[in-house]
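S.K.: One structure is given below, represented as structure tokens, and several questions about it will come after.
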Amino acid sequence: DTSDKKIALSNNYAGNSWRQAMLTSWDKVTGEAVKAGVVAAADAFTTAENQATEQAAQIQNMILQGYDAIVLNAASPTALNGAVKEACDAGITVVSFDGVVSEPCAWRIAVDFKEMGRSQVEYLSKKLPEGGNLLEIRGLAGVFVDDEISAGIHEGVKQFPQFKIVGSVHGDWAQDVAQKAVAGILPSLPEIVGVVTQGGDGYGAAQAFAAAKRPMPIIIMGNREDELKWWKEQKDANGYETMSVSIAPGVSTLAFWVAQQILDGKEVKKDLVVPFLRIDQDNLEENLANTQAGGVANVEYSQADAIKVIESAD
Amino acid sequence: MRIVDRISRAPWIWSWFAAFLVWFATIMVTGGASTLGLSQAALTFAAFSIIVGIGQMFVITLGPGNIDLSIPATMTLAGTVALKLMDVDNAMILPGLMTAILIGIGVGLSNYALIKALRIPPIIATLSMSFIIQSAAIWTNRGLRIKPPSFLADFTTSTTLGVPNVSLVALVISLAAWFLLEKTVYGRWISAIGQSMPAARMAGVPVDGTRFVTYVLSAVLASLAGYLLACFSGGAALNMGTEYLLMSIAVVVLGGTAVAGGDSNVPGIWGASLFMFLVVSMLNTYGLGAGIRLIMTGLIIISVIMLAGGRQPSAR
Amino acid sequence: MSKAIIEVADAKVSFGAVRALDSVTLAIGAGECVGLVGHNGAGKSTIVSVINGGLTPQQGSISGDGEPLARYGINAARARGIRCVFQELSLCPNLTVLENTRILHRHLGGLGWRRRAKHVIERSLDAVFPGHGIESDRTVGDLSIAERQMVEIAMAFSDAGIAPRLIILDEPTSSLDASLAEQMLAHVRRFVASGGAVILISHILHEILATASRIVVMKDGRIVAERPADAWSEHGLVEAMGSVVKGEAHRRTLRDLASEPVVIAQTGRGLPLQAKRGEIVGLAGLAGHGQTGMLMKLHAASTADWLPRRDPAVSFVAGDRRLNGVFELWSVLKNFSIASLHDLAARGVVDAEAEAERAGEWKRRIDIRTPDMANRMLSLSGGNQQKVLFARSLATRAPVVLMDDPMRGVDVGTKQEVYEIIRQEAQRGRTFVWYSTEMEEVCLCDRVYVFREGEIVAELAGDAVREENILAASFRGEAA
Amino acid sequence: MRLKPSADALRLAIPALSLTVLLAAVFWLQPRAMSYIGLNLLFNLAVPIALATIAQMLIMSVNDLDLAMGTFVSFVACVTATFLRDEPLVGILILAGAVAVYAVLGVVIHLRGLPSIVVSLGMSFVWAGLAVLLLPAPGGQAPEWVRSLMTMKPPVAPMAIVASIVIAIVAHLVVMRSSLGVLIRGIGGNQRSVERAGWSVLAARAAAYGLAGVFAVLAGIALVGLTTSADANIALRYTLLSIAGVILGGGEFIGGRVSPIGAVIGALTLTLAGSFLSFLRISPDWQIGAQGAILIIVLALRLLLNRLEYREKRG
Ligand SMILES: Nc1ncnc2c1ncn2[C@@H]1O[C@H](COP(=O)(O)OP(=O)(O)OP(=O)(O)O)[C@@H](O)[C@H]1O
Ligand SMILES: Nc1ncnc2c1ncn2[C@@H]1O[C@H](COP(=O)(O)OP(=O)(O)OP(=O)(O)O)[C@@H](O)[C@H]1O
Ligand SMILES: [Mg+2]
Ligand SMILES: [Mg+2]
């Protein structure tokens, strides 16, 4: 019974649509859970700037506030370890997701970012067996997720040597920054057959290619509604094919249920893997219809889903 | 010789010179094949830095300590609210623009209220304000990306006679700014205040009114840039202004405007904005990483200020 | 006299056209107190800077204890035991008294310097101002002006290794009340009696008469008289100092202004001030006794900070050019036109032609010596910069012109030209409120308010505007 | 005996009062904070901020401003988590070099009369670039000794409080009590009179910058001790936090009026303000805005108290 337990969400950033979708999902699912008396409280906290120091302070405050569990999307996989350890020592269950932490006492609901990067190249190898030049759009320099996905992409290129990365820019996971960076490097690049991305940057890349009047390569999308909509338009107009892959913002609700299960006394393995959410040519319309205008394709989890994920890990 | 001498003393020449060098170095990679594409891209993206840079320049001209840190948040709020209001409807373009401008006026008003009434130093006042504006942007739309009306989307992304429309907008704003600075009474006033506030007051300049208008102007230009950028990139994002914080200061300083105030320079902002875009493109083109890129940017800023700092500014 | 502690021979110093020192020879021996008097700008502070090592004269030699000193500077002077109390505040306001002592005495460092500095300064304070009540750990900025001046004086007399031999006091009592001043003067006498030397500069003549052993009178950068103190009387000193050249050209034409309307007025402590249309009103008294403050008040009362005024009520001519006059980055033209932009602009746009034309007019009218009005303001000589500030102010339509000792650094010829312009403008109905430290100028006014300690203590009109009356009103109290 | 407190004491009273009020509010909202562990949790992340604030204060005491503080501390954190742990000697050399660069910046700014804002803006890019080169992805690990120092559990008072007090005392001794500190503040107060007493202003400014570098290096090391690892963006917000901390602590942008104890209190106040907000449970939408609001409120309070002080002075 967890009806007297309090769970907190520690979120390090609120400045993009993915994070906002994540907060909305949290609000919706936990709101119902609190109403139903599953838990006593599920409060969301977010910091102003994407900074580990600020989030560490936030976690320490949660310890003081007496939460029983902290669900955590971390600014850094390692820089919060000090604060997480303190929480564990205070008897608090810490469940990290998306941005996971390496502190052993915490649970991790991880997406295999490396695989996410590698699978992009694998997909391209199926569409373009003869290979060609790729453009890589990276995230924010110095951040863990950026490094992981990029490493996966480079692994994929090693696996499929017919591809060659001829340019790499930082798009900071923002459409406008990606657009700017791609537009800057594009004039000096040879023909590009594919663009490998990290999410939140595909639409910007497409805009830059269109503006430069270059042939449109296969741009891997990141599940944003504007990306899917553009893809749909292209698909209807000229049969454009690509795929879209990202982590679903609703994973915060999975983390919530996992935390609730742990508080309930369930044995849960420390490392859980959630599949990333992938959209393909055939299920594009369906996903687009389910995605809020301007939002991100999403999956929210129920208690039963969470139990399934926990059990499948055993 | 005189002309060469005069030009080499112009404070804006260094940024143009640097921009040209970098542009040349970049197109050489492809043997000149990328000339048109790169130039168009540079003009397009420099346009946004130019618009916010001009606003920041007016503020910096007011003298030491005057800096507007609320530009990024203002861009975000204006873009978000305007696109939400227009809601992909071409008929709503003007009301959307008006709303963006009203937001700018509101932000500028609040900024100066904090500075004047509460005596908070401008740096901290505009920073605090930016947090509040950012929250307002989150609260209005929770980060949903609403598409711009089709006319605006087409307008901001296309070119006229090969020149990107947004850079034409920036050009019009720059000409207006240049006119304001060089030809109008208001331009004289802000320059006077920047050189010496007591002297300006004794010469009969309405100091508070002028400073107030300047903060409003900066915020309005920021919201205009936010409006355009949101339309250009297909929707407003909560983090879309972030990189314009340092950018707006850097282009002003590199452009030859005196940080100590009183001396501002519109052409320099063009040179510096083009340069800031091109230097990233060049380093990307050469395959250099983020670390090296940052270091080079820093060293270039310091060298430009050292070069420019040692000379006597010419009479204005 | 045997060997002088310091001797300056034939020193010449000029700042641009201003001859601050013109062949000045001065020697100070041990055991004497030299009183130095002279009008504002006579060169007193400049000779002090020369002796103190802060200023190298363009010509002339310095010798100490009989031997010529080739490389003379601040550190050399300090090593010889020469100390100075400067006219303007020269303490760091953000530091405490004993921290300022530390800054002054470079060799006071090492562990426990606070104790030593405290000892040094407190001993000196106790000696000069018994019962002073100033704690050495107080921040200088928190002290009253008088307390600051006491600290500066005590600091000069303090001994932290190098004993003071010659102490220069530049208007040390300007902020001290009579009893504190007497304490200080008594200490000066003790110091001199024990073999020290003092140069005492003061506008308060009876102090000089009572303390100095020799009195030197300076005028326009020269020493014009030098006699033992007992050969002087107060009246004699005033007469020797007086710099008014009463040539016919300078005589005021007495005008009847009784029927003119009052255009500006201000009340405060002391007598109220008012000025009539076409009147030239002088503000006199010793420097720093509230005249500039009065001008600022008059200015603030008639200008707006938020909205521009179509018809300016007042305009202002700065004396402290650097602080509130000149825009350094600008050309002469822009410096000239800033105050009258409204007349030169249509709908906020400056009419460049009209601006240049108006500037050209004034350039001719008051002869601003520059080949091109587009030249930088700072390329002008000081006098010419001042002319531009005059032109700026006179070119406005403001009926009242406020002038804050505007003739600083202006040479004689220019002054005459400007006086003439002021007279003409007054004739046309413009009102001038004119603070000046130069008696000659004050005597050009129709009416004069004399300031002391921040308030107006006397009003002189017509024939009563005379140097003796003004000096008497300025010094009343101390002299009584 | 004087009855009126000095301006220095009043300058300190204002921040101390805000801290006390805020602390009382936090205790009221969250009584659990009123304990050894609670205080440590509330304040331990204030320790590096306090060090950075002292560094910024040193620069501000010579009338300059450092916009590179955040990136510099991040860079130091990266060096600490990599070189200082793996090859201590190289690490120490790098950090010493970084301090030297700070001193050189002071010299250059003084000699060429450059605006410190621009030079430090440029340097912020340089430090950020170096940090990204050192740690392209977050990682590294805190040296053992740093970690154990920062997680020590001294008797009586928690480490965070002890460290803050030590920092305040050391900074007070250096800045307020030593000859060098007097000289540095003297430059901010009246550069001319310092020159007139025969000192080299150039050397003093270089010393101020160098000292600031030392405190900033300590901030980076302390930060890594708390977080256990570093990344290139770890301390970006320290630039504005440190400026705000100095101002909250009663310092001023010009005039050499600074207070190290006040600066430490200012840093504690800023940290506590964050906690206060999270205890208030504001809606996530407005949590960011509330940070701005609290900055404004505390600074407005300063204005109010300054007015009182002013009246006191005149009265
Ligand atoms: N640094 C300077 N630059 C230009 N002119 C100067 C400078 N210092 C002094 N003067 C000028 O030199 C002249 C002599 O000044 P000085 O300060 O010696 O006068 P003073 O006799 O001390 O006057 P006061 O009684 O007002 O103190 C004045 O006309 C003054 O304006
Ligand atoms: N820095 C400068 N740059 C250019 N020209 C200068 C500069 N300084 C002085 N001049 C020119 O040299 C001339 C002489 O200057 P100076 O200051 O000696 O004049 P002055 O004789 O003192 O004039 P005044 O009698 O008005 O005080 C001035 O007319 C001025 O135009
Ligand atoms: Mg001259
Ligand atoms: Mg003098």
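The values are calculated or read from the model by the stated rules, or taken from the named source; none is laboratory data. Since this is a predicted model, take the numbers as computed values, not measurements. Ideal geometry is used to build each Cβ from the backbone, glycine not excepted, and the neighbour counts take in all protein chains shown. Please note that ligands, DNA and RNA were not included when accessible areas were found on the heavy atoms of the full protein model with its side chains. Shrake-Rupley method; radii C 1.70, N 1.55, O 1.52, S 1.80 Å.
S.K.: Quick check on A:Ala110: is it small (Gly, Ala, Ser) and buried (at least 23 other Cβ atoms within 10 Å of the Cβ)?
M.R.: no
S.K.: For the stretch B:261-283, give me each residue that is modelled with pLDDT under 80, over 16 Å from the mean Cα position of the chain (by Cα) and more than 12 Å from chain D (Cβ to nearest Cβ).
M.R.: Here is the first cut: in the stretch B:261-283, the ones modelled with pLDDT under 80 are B:261-264.
Filter again for over 16 Å from the mean Cα position of the chain (by Cα), leaving B:261-263.
B:Gly262, B:Asp263, listed by residue number.
S.K.: What single numbered condition from (1) within 14 Å of chain D (Cβ to nearest Cβ); (2) closer than 27 Å to C:Thr173 by Cα; (3) more than 13 Å from ligand 1 (Cβ to nearest atom) fails to hold for C:Gly54?
M.R.: The failed condition is (3).
S.K.: Of all residues being of a type outside the set (Gly, Ala, Ser) and assigned to a helix (DSSP H, G or I) in the stretch C:339-354, which is farthest from C:Val401 (Cα to Cα)? Just the residue, please.
M.R.: If we filter the stretch C:339-354 for residues that are of a type outside the set (Gly, Ala, Ser), which is where we start, we get C:341-344, C:347, C:349-351, C:353.
Of the ones still in play, those that are also assigned to a helix (DSSP H, G or I) are C:341-344, C:353.
Values: C:Leu341: 17, C:His342: 17, C:Asp343: 17, C:Leu344: 20, C:Glu353: 26 Å.
Restricting to residues being of a type outside the set (Gly, Ala, Ser) and assigned to a helix (DSSP H, G or I), the top hit is C:Glu353.
S.K.: Filter the stretch A:144-169 down to residues that are crowded, with 22+ Cβ neighbours inside 10 Å, under 21 Å from A:Asn12 (Cα atoms) and facing another protein chain (nearest Cβ under 7 Å), then give me how many there are.
M.R.: 1
S.K.: Only one of C:Leu169, C:Leu176 is assigned to a loop (DSSP other than H, G, I, E, B) and over 26 Å from C:Trp113 (Cβ atoms); which? Please lay out each step first, then the result.
M.R.: On the way: C:Leu169 fails: assigned to a loop (DSSP other than H, G, I, E, B).
Going through C:Leu169, C:Leu176 in turn, the sole match is C:Leu176.
Listed here are the residues, each with its yes/no results for (1) within 7 Å of chain B (Cβ to nearest Cβ); (2) closer than 19 Å to D:Val214 by Cα.
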site	(1), (2)
D:Leu93	no, yes
D:Tyr102	no, yes
D:Val108	no, yes
D:Ile117	yes, no
D:Gly139	no, no
D:Val156	no, no
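S.K.: Out of (1) within 11 Å of another protein chain (Cβ to nearest Cβ); (2) in a helix (DSSP H, G or I); (3) surrounded by 24 or more Cβ atoms within 10 Å (Cβ to Cβ), the odd one out for B:Tyr215 is which?
M.R.: (1)
S.K.: Give me the residue from the stretch C:64-79 that is more than 13 Å from chain D (Cβ to nearest Cβ) and either in contact (Cβ under 8 Å) with a residue 12 or more places away in the chain or outside any strand (DSSP E or B) (or both) and, out of that set, nearest to ligand 3 (Cβ to nearest atom).
M.R.: Quick first cut of the stretch C:64-79, residues more than 13 Å from chain D (Cβ to nearest Cβ) only: C:64-72.
From what's left, either in contact (Cβ under 8 Å) with a residue 12 or more places away in the chain or outside any strand (DSSP E or B) (or both): C:64-66, C:69-72.
Working: C:Gly64: 32, C:Asp65: 37, C:Gly66: 37, C:Leu69: 30, C:Ala70: 30, C:Arg71: 29, C:Tyr72: 26 Å.
Filtering the stretch C:64-79 for residues that are more than 13 Å from chain D (Cβ to nearest Cβ) and either in contact (Cβ under 8 Å) with a residue 12 or more places away in the chain or outside any strand (DSSP E or B) (or both), the one nearest to ligand 3 (Cβ to nearest atom) comes out as C:Tyr72.
This table checks each residue for (1) more than 28 Å from C:Leu209 (Cβ to Cβ); (2) away from ligand 1 (no atom under 14 Å from the Cβ); (3) outside the structural domain of C:Ile168 (by TED's automatic domain parsing).
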| site | (1), (2), (3) |
| --- | --- |
| C:Glu32 | no, yes, no |
| C:Ile47 | no, no, no |
| C:Gln59 | yes, yes, no |
| C:Arg80 | yes, yes, no |
| C:Leu98 | yes, yes, no |
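S.K.: Within the stretch C:355-394, track down each residue that is loosely packed, with under 15 Cβ neighbours inside 10 Å, more than 16 Å from ligand 3 (Cβ to nearest atom) and either part of a loop (DSSP other than H, G, I, E, B) or within 14 Å of chain B (Cβ to nearest Cβ) (or both).
M.R.: Those that are loosely packed, with under 15 Cβ neighbours inside 10 Å, more than 16 Å from ligand 3 (Cβ to nearest atom) and either part of a loop (DSSP other than H, G, I, E, B) or within 14 Å of chain B (Cβ to nearest Cβ) (or both): C:Pro371, C:Asp372, C:Ala374.
S.K.: Regarding the stretch C:321-342, can at least one residue be identified that is within 11 Å of another protein chain (Cβ to nearest Cβ), open to solvent by 30 Å² or more (accessible area, probe 1.4 Å) and in contact (Cβ under 8 Å) with a residue 60 or more places away in the chain?
M.R.: Yes - at least one qualifying residue is present in the stretch C:321-342.
S.K.: For the condition farther than 30 Å from C:Glu260 by Cα and away from ligand 2 (no atom under 12 Å from the Cβ), what is the one hit in C:Ile338, C:Ile422?
M.R.: C:Ile338
S.K.: Please find, among C:Glu32, C:Glu88, the residue that is among the charged types (D, E, K, R) and either within 16 Å of ligand 2 (Cβ to nearest atom) or at pLDDT 90 or above (or both). Lay out the reasoning, then the answer.
M.R.: Working: C:Glu88 fails: either within 16 Å of ligand 2 (Cβ to nearest atom) or at pLDDT 90 or above (or both).
When all the criteria are applied, what remains is C:Glu32.
S.K.: Let me ask another. How about the stretch A:178-214: which of its residues are more than 9 Å from chain B (Cβ to nearest Cβ) and surrounded by fewer than 24 Cβ atoms within 10 Å (Cβ to Cβ)?
M.R.: The answer is A:Glu191, A:Ile192, A:Val193, A:Phe209.
Listed here are the residues, each with its yes/no results for (1) at negative phi; (2) within 9 Å of chain B (Cβ to nearest Cβ).
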| site | (1), (2) |
| --- | --- |
| D:Ala263 | yes, no |
| D:Ala273 | yes, no |
| D:Arg281 | no, no |
| D:Ala290 | yes, yes |
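S.K.: Then there's this: Within the group C:Ala127, C:Ala156, which residue is in a helix (DSSP H, G or I) and in contact with a Cys (Cβ under 9 Å, 6 or more places away or on another chain)? Step through it out loud before you land on a result.
M.R.: On the way: C:Ala127 fails: in contact with a Cys (Cβ under 9 Å, 6 or more places away or on another chain).
It is C:Ala156.
S.K.: When the residues of the stretch C:103-115 are filtered to those that are over 16 Å from C:Arg148 (Cα atoms) and under 36 Å from the mean Cα position of the chain (by Cα), which remaining residue is most open to solvent (accessible area, probe 1.4 Å)? Spell out how you get there, then give the answer.
M.R.: Looking only at the stretch C:103-115, we keep the residues that are over 16 Å from C:Arg148 (Cα atoms), and these are C:105-115.
If we keep only those that are under 36 Å from the mean Cα position of the chain (by Cα) too, we end up with C:105-109, C:114.
Numbers: C:His105: 12, C:Arg106: 94, C:His107: 154, C:Leu108: 11, C:Gly109: 27, C:Arg114: 41 Å².
Filtering first and then ranking leaves C:His107.
S.K.: Let me ask something additional. Of the residues that sit in the stretch A:247-266 and are part of a loop (DSSP other than H, G, I, E, B) and in contact (Cβ under 8 Å) with a residue 40 or more places away in the chain, which one is surrounded by the fewest Cβ atoms within 10 Å (Cβ to Cβ)? Quick ask: steps written out before the conclusion?
M.R.: Of all residues in the stretch A:247-266, those part of a loop (DSSP other than H, G, I, E, B) come to A:247-250, A:264-266.
Retained after the next criterion (residues that are in contact (Cβ under 8 Å) with a residue 40 or more places away in the chain): A:247-250, A:264, A:266.
Values: A:Ile247: 25, A:Ala248: 25, A:Pro249: 27, A:Gly250: 25, A:Asp264: 15, A:Lys266: 13.
That would be A:Lys266.
S.K.: Quick one: which of A:Ala87, A:Ala14 is assigned to a helix (DSSP H, G or I) and open to solvent by less than 10 Å² (accessible area, probe 1.4 Å)? Write out each step before concluding.
M.R.: Numbers: A:Ala14 fails: assigned to a helix (DSSP H, G or I).
Answer to the selection: A:Ala87.
S.K.: Taking the criterion of being at pLDDT below 90, assigned to a helix (DSSP H, G or I), away from ligand 2 (no atom under 16 Å from the Cβ) and not assigned by TED's automatic domain parsing to the domain that holds C:Ser436, would at least one residue in the stretch C:12-29 satisfy it?
M.R.: no
S.K.: How many of the residues in the stretch C:400-421 are touching a strand residue (DSSP E or B) at 6+ places or on another chain (Cβ under 6 Å) and modelled with pLDDT of 85 or more?
M.R.: Qualifying residue count for the region: 5.
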